[in-house]
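The values are calculated or read from the model by the stated rules, or taken from the named source; none is laboratory data. All values derive from a computational prediction rather than experimental measurement. We place every Cβ from the backbone using ideal geometry, glycine too, and count neighbours over all the protein chains shown. With ligands, DNA and RNA removed, areas are computed over all heavy atoms of the protein, side chains included. Shrake-Rupley method; radii C 1.70, N 1.55, O 1.52, S 1.80 Å.
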Amino acid sequence: MTSQNVVGRFFDVQGGQVYAHVREGDGPALIFLHYWGGSRRTWIPVLQRLDPGQGFVAYDQRGWGDSTGVPGPYDLEQLADDAQRVVDALGYSRYVLVGHSMGGKVAQLLAARKPAGLRGVVLVAPAPPAPIGVTEQVQETVSHAYDNEEAVLQSIDLMLTRGGLTPELRRQVVEDSLRGGDEARLEWPRQGLVQDVSAGISAIEVPVLVLAGSHDKVDPPTVLADHLLPLIPTATLTVLKDTGHLSPLEVPDQVAAHIDAFVAQL
């Protein structure tokens, strides 16, 4: 982020500090949670397109980006605890969780706790609350998706995108995926992917916007319509055009516009 009013800072979490980019601005503030393999950088194209007065924090979850040195555990509960610590440290009285993929599952878990100040949730290509069709073979395949540069590039082309990434963004995805710590990288395919967090999400009372990619092979719109929407009474589903799973990088215009509109309605 080159914007002059965005500042970098560290936040204390259990066992260490996570690194974030923060912009003070109008509330409710947006709390951005990146996907498995990503970092705060995943959100930059979206952040650059948001209403310029919108306050936000985008941070590297433990084990990723500039938070790779933070020790485990790296499970979903810990990641949700980390998000709460960041919110508490900033003192936000009104905020919206914005979670992508794994970050979307973390957001569901945190929202189910009904934290004070939560005004809404945006789930971008979220992992469903309970695993759908995840076999041991799938887990094994996913656990090797970021083994090396060749594997990451193959993941980008075969699973993660519809082909809409610039060379610079492809390079960024490779860098972020390979930078993640080994434990954090394996926690998701071995545990987080198959963990059932559906208990409690029916109690979420704030508005929830689900953004699904039209060509998402990881978490397709039909899966989210069948296995997420019925569990959250306040949820609505919008399909993003011409994108795969990495919609914050592929179609940031659409993602930012939907977030802005959602926040404006709150």
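Before moving on, here are some points about what is shown:
- Filtering the stretch 186-231 to residues that are under 20 Å from Gln137 (Cβ atoms), open to solvent by 50 Å² or more (accessible area, probe 1.4 Å), free of Cβ contacts under 8 Å to residues at least 60 places away in the same chain and assigned to a loop (DSSP other than H, G, I, E, B) leaves only Lys217.
- Pair list, Cβ under 6 Å, 6 or more apart: the stretch 22-36 residue open to solvent by 10 Å² or more (accessible area, probe 1.4 Å), other residue at pLDDT 95 or above and in a loop (DSSP other than H, G, I, E, B): Gly27/Arg94
- Candidate set from the stretch 55-77 (those that are in a helix (DSSP H, G or I) and over 17 Å from Phe10 (Cα atoms)); member that is most open to solvent (accessible area, probe 1.4 Å): Glu77
- Some residue of the stretch 42-52 being open to solvent by 20 Å² or more (accessible area, probe 1.4 Å) and either more than 18 Å from the chain's Cα centre (by Cα) or of a type in the set (Ser, Thr, Tyr) (or both): yes
- When the stretch 239-266 is filtered for residues that are in contact (Cβ under 8 Å) with a residue 12 or more places away in the chain and open to solvent by 40 Å² or more (accessible area, probe 1.4 Å), the ones remaining, listed by number, are Val239, Lys241, Asp242, Asp253, Gln254, Ala257, His258, Asp260, Gln265, Leu266.
- In the stretch 174-184, residue farthest from Leu153 (Cα to Cα) [restricted to those that are open to solvent by 30 Å² or more (accessible area, probe 1.4 Å) and touching a residue at least 60 places away in the same chain (Cβ under 8 Å)]: Glu183
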